[in-house]
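Everything on this sheet refers to the single structure shown next.
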Amino acid sequence: MTDRYLDPHQARQRPPTTYEDLLGDAIERAFAAGVHDLPALVQSLNDSGLSSPDGSPWTEASYRDAMAALAA
């Protein structure tokens, strides 16, 4: 019998990087704190001390770009 449920990592091409793990943790903490809109999420990421991929503070545009790059 095959498992009827999806493997949550079935589309993963490689293990996440340390940075990706840290980013995911920071996003999860923001959601757990009740943050659900992009401006507040960006502020939460900046407050966490985790810089955007280029080392600068997060902006809404850099967040969108980073998510698009991770989804590719």
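Any read-out appearing in this document is the output of simple, stated calculations on the displayed coordinates, not a laboratory observation. Being a predicted model, the structure only gives us computed values, none of them experimental.
Descriptive notes on the structure:
- In degrees, nearest ten, helix 60-71 long axis to first principal axis of the chain (Cα): 20
- For region 18-71, the square roots a ≥ b ≥ c of the C-alpha gyration tensor eigenvalues yield an a/c under 1.5, which makes the shape rounded.
- Shown in residue order for region 22-27 are the 3J(HN,Hα) couplings computed by the Karplus curve 6.51 cos²θ - 1.76 cosθ + 1.60 at θ = phi - 60°: 5, 5, x, 4, 5, 5 Hz (x for Gly and Pro).
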